[in-house]
Amino acid sequence: MKLILTHEVSNLGQPGDIVEVKDGYGRNFLLPRNYAIRWTKGAAKQVESIKAAREARAIHDLETAKSVKGTLEAAPINVPAHAGEGGRLFGAVTVSAIADALAEAGAKVDKRRIEVGNPIKSLGSHTVTVRLHPEVTATVKLNVVPSK
């Protein structure tokens with residue numbers, strides 16, 4: 001199935017890219033979530049406008065990403081989590097919880113841009129990577145603390 005991406009999709013492409021995917025992936029995941037539109041001759045003409053808009057945003061976003069990177073790396077972020085005896089968590093810290101903690105710290109980040117290497121299942125200090133821009137990546141220190 002040939003599609004035109006309208007949003008960034010990890011390991012697939014950027015907005016405006018024309019990609020070839022399996023029918024089920026396109027029909028059941030990309031199209032219902034409006035991450036892509038079907039490729040047609042008319043839609044192919046929109047690719048140039050999508051790419052032009054992406055380039056205009058990229059220049060502005062690069063400066064913004066650099067300033068957000070400084071904010072994120074300046075101080076550790078506290079993430080509350082339910083913990084039992086011995087500092088072991090009931091489950092793991094989710095990317096949604098990390099995104100909420102980052103928003104409280106003043107940096108609103110999409111949860112799909114947060115990369116957690118190994119699941120965070122204990123209290124203490126951990127690090128995660130946040131992809132702010134294709135050229136800017138921030139390493140954020142998290143302090144997982146027990147919630148009240």
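Binning the alpha carbon pair distances of the chain at 10 angstrom intervals from zero yields the distribution 11, 32, 27, 21, 8, 1, 0, expressed in whole percent. Other residues lying with their Cβ under 13 Å from the Cβ of Glu20 contribute a combined charge of +1, Lys and Arg counting +1, Asp and Glu -1. Give me the angle, in degrees from 0 to 90, between the Cα long axis of helix 41-74 and the longest principal axis of the Cα atoms of the chain, rounded to the nearest 10. Long axis of 41-74 versus the principal axis of the chain: about 20 degrees. All other residues whose Cβ lies under 14 angstrom from that of Leu102 are scored, Lys and Arg at +1 and Asp and Glu at -1, for a net of +2. Shown in residue order for the stretch 127-137 are the 3J(HN,Hα) couplings computed by the Karplus curve 6.51 cos²θ - 1.76 cosθ + 1.60 at θ = phi - 60°: 10, 10, 10, 10, 8, 7, 7, x, 9, 10, 10 Hz (x for Gly and Pro).
Here the calculated FRET efficiency for Ala75 and Arg33, from their Cβ-Cβ distance with R0 = 25 Å, stands at 0.15, rounded to the nearest 0.05. Between Tyr25 and Glu104, the contour length at 0.36 nm per residue exceeds the alpha carbon distance by 25.0 nm.
Among residues other than Val79 with Cβ under 10 Å from its Cβ, the summed charge is -2 (Lys and Arg +1, Asp and Glu -1).
When the chain is treated as a GNM with alpha-carbon contacts under 10 Å, the residue of Leu62, Leu132, Leu31 showing the greatest mean-square fluctuation is Leu31.
Once both labels are positioned 7 Å from their Cα atoms along Cα-to-Cβ, the gap between Ser67 and Ala52 label points is 2.7 nm.
Kirkwood hydrodynamic radius of the stretch 2-61, from the reciprocal of the average inverse Cα-Cα distance over all distinct pairs: 11.7 Å. In the chain, taking the dipole from charged Cβ atoms about the Cα centre, the farthest positive-side position among Ala105, Val128, Ala52 is held by Ala52.
Values quoted throughout were computed directly from the atomic coordinates according to the rules given, and no laboratory measurement underlies them. Remember, predicted model here, so these are calculated numbers, not experimental data. Cβ: placed from backbone, ideal geometry, glycine included. Neighbour counts: every protein chain shown.
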